[in-house]
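Enquirer: The following block contains the structure, expressed as structure tokens.
The values are calculated or read from the model by the stated rules, or taken from the named source; none is laboratory data. Model, not experiment: these values are computed from the prediction. As a convention, Cβ positions derive from the backbone with ideal geometry for all residues, glycine included, and neighbour counts pool all protein chains shown.
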Amino acid sequence: MGPAPPLYAPNGARLDAVDLEILRRVQTDASVQNQVLARELGLSPSGCLKRVRRLEESGVIRGYVAVAEDRVFDIWSLLWIEVKLRRRALQRRDDFEAAVQAAPEVMEAYEVAGRFDYLLKAALPSTAAWSDLRTQLDPENSFIKSVDIFAGLRTTKDRRLHPLLTLGDTK
């Protein structure tokens with residue numbers, strides 16, 4: 001793989017190597033203390049904090065989360081749902097997306113190119129609960145043309161770092 005292309009914050013600011021290293025470290029461990037991060041990067045604590053704040057304010061860092069152990073939630077089913085919308089519903093994507101946003105069971109949602117329109121990741125008490133979620137997402141049966149559902153069995157890889165942040169990383 002060749003050198004990484006330049007990356008930019010949502011506000012248009014170019015990210016340098018130190019910004020990317022801060023992002024990589026914080027994505028790996030969001031609880032890292034500023035003093036430790038500054039020391040590891042060879043920055044002053046105030047300089048490091050300014051860079052982190054700039055990344056937050058520019059929209060590069062949108063927030064911080066704790067990653068829960070999947071086994072805690074094993075009693076629920078994790079489903080990936082491919083959704084094909086009805087042709088006439090394509091003009092009302094905003095309505096469908098608002099329903100997806102309002103459904104707490106939907107953990108992630110992506111508009112995608114290909115033979116279906118959306119890929120949803122949902123957690124439900126059982127696979128049978130899909131019919132209730134479908135009704136919640138499409139109460140008038142006007143959006144969804146078809147779905148394919150895939151049940152997750154176990155996580156075999158869980159890495160949240162973007163590959164551009166792992167160049168040269170062998171972990």
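Enquirer: List pairs: first in segment 44-63 and surrounded by 13 or more Cβ atoms within 10 Å (Cβ to Cβ), second small (Gly, Ala, Ser), Cβ under 7 Å, 6+ apart or cross-chain?
Expert: Between residues of segment 44-63 that are surrounded by 13 or more Cβ atoms within 10 Å (Cβ to Cβ) and residues that are small (Gly, Ala, Ser), the close pairs are Pro45/Ala38; Cys48/Ala38; Ser58/Ala9; Ser58/Ala13; Val60/Ala9.
Enquirer: Out of (1) surrounded by fewer than 16 Cβ atoms within 10 Å (Cβ to Cβ); (2) farther than 30 Å from Ala103 by Cβ, the odd one out for Ala68 is which?
Expert: The failed condition is (2).
Enquirer: Scan segment 129-171 residue by residue and report those that are at pLDDT below 90, outside any loop (DSSP other than H, G, I, E, B) and loosely packed, with under 12 Cβ neighbours inside 10 Å.
Expert: Pro163
Enquirer: Can you tell me which residue among Arg115, Arg92, Arg86, Arg160 is under 30 Å from Val18 (Cα atoms), touching a residue at least 12 places away in the same chain (Cβ under 8 Å) and not assigned by TED's automatic domain parsing to the domain that holds Ile22?
Expert: After ruling out the rest, the residue left standing is Arg160.
Enquirer: OK, next. If only one of Asp117, Asp94, Asp74 is surrounded by 12 or more Cβ atoms within 10 Å (Cβ to Cβ) and among the acidic types (Asp, Glu), which one is it?
Expert: Only one candidate passes the filter, namely Asp117.
Enquirer: Counting only residues that are farther than 18 Å from Trp76 by Cα, aliphatic (A, V, I, L, M) and either in a loop (DSSP other than H, G, I, E, B) or out of contact with any strand residue (DSSP E or B) (no Cβ under 9 Å at 6 or more places or on another chain) (or both), how many does segment 100-123 have?
Expert: Matching residues across segment 100-123 total 3.
Enquirer: While we're here: Can you name the condition, by its number, that Arg71 falls short on among (1) basic (Lys, Arg); (2) modelled with pLDDT of 95 or more; (3) under 26 Å from Arg154 (Cβ atoms)?
Expert: (2)
Enquirer: Is there any pair with a first residue in segment 124-143 that is more than 19 Å from Asp95 (Cβ to Cβ) and a second that is polar (S, T, N, Q) and surrounded by 15 or more Cβ atoms within 10 Å (Cβ to Cβ) whose Cβ atoms are under 8 Å apart and which are 6 or more apart or on different chains, and what are they?
Expert: Listed pairs, sorted by first residue: Leu124/Ser77; Pro125/Ser77; Ser126/Ser77; Thr127/Ser77; Ala129/Ser77.
Enquirer: State whether the residues of segment 39-47 include one that is among the polar types (S, T, N, Q), in a helix (DSSP H, G or I) and at pLDDT below 95.
Expert: No: segment 39-47 contains no residue that is among the polar types (S, T, N, Q), in a helix (DSSP H, G or I) and at pLDDT below 95.
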